[in-house]
Amino acid sequence: MSVGAWEPQVGGQQNENPWEFDRDQLRRLIAAVITEDSLTEELKEEDKQASRLIRLPSQHWVEESQHWNNDQLWQLIRFFALAEMQLTGWDAGAESAVIPLAKILRQRKAPLEREQLLWIRKHSNNRYLPYGPL
C-alpha cells in the first residue's frame, strides 16, 4: 500500500471569493433606509432574509466599497444599524458590517461626524458600533 501526497487545485478551478454582492439588493436596502426609519414595511421578503450580509468578513466590504460613494456607505451603515434592531436574525455584535464600513469612511478621510455617531447611538443597541471592540 502506498500513500500519495495531496496537491491542491490551481489555475482558476477554485473560487477564491465565493461571495458576490447583489448590487441591486444593496440599492434596495439603501432606498429602504432613505425613505423610512422602519424597515419592516419597506423591504421585500428576500431582502429581509439576507441577514448574511451583516456578518460578511471585512475584506468583502473593503472590496465592495469601491463601487459606492461616501453617502451610499453611510446609508448602508444606517440600514445595518436599524436592521439589527428591527429585523429578526440580523443581530451581529462585533461582526456587524457597520464596523468595516465606518473604517472605510475613515480611510477615505470622511469619518463619521458627531451627528452620525449620535444617530447610531440612538438607533442601535449594539455596543460595538461604529468602531468595533476596543
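The values are calculated or read from the model by the stated rules, or taken from the named source; none is laboratory data. Note that the coordinates shown come from a computational prediction; the quantities given were computed from them, not determined experimentally. So basically every Cβ, Gly included, is an ideal-geometry build from the backbone, and we count neighbours across all protein chains shown. To get the accessible areas, we keep the full protein, side chains included, count just its heavy atoms, and leave off ligands, DNA and RNA. Shrake-Rupley method; radii C 1.70, N 1.55, O 1.52, S 1.80 Å.
Across the stretch 95-134, the number of residues qualifying as open to solvent by 40 Å² or more (accessible area, probe 1.4 Å), more than 24 Å from residue 40 (Cα to Cα) and outside any helix (DSSP H, G or I) comes to 7. Restricting attention to the stretch 64-87, the residues that are free of Cβ contacts under 8 Å to residues at least 12 places away in the same chain and either over 16 Å from residue 21 (Cβ atoms) or among the charged types (D, E, K, R) (or both) add up to 1.
For the stretch 37-94, the set of residues classified as of a type in the set (D, E, K, R) and either open to solvent by 40 Å² or more (accessible area, probe 1.4 Å) or not in a helix (DSSP H, G or I) (or both) consists of 37, 41, 42, 44, 45, 46, 48, 52, 55, 63, 71, 91, listed by residue number. Filter the stretch 23-36 down to the residues that are open to solvent by 70 Å² or more (accessible area, probe 1.4 Å) and under 14 Å from the mean Cα position of the chain (by Cα) and list them by number. 23, 27 - these are the residues of the stretch 23-36 that are open to solvent by 70 Å² or more (accessible area, probe 1.4 Å) and under 14 Å from the mean Cα position of the chain (by Cα).
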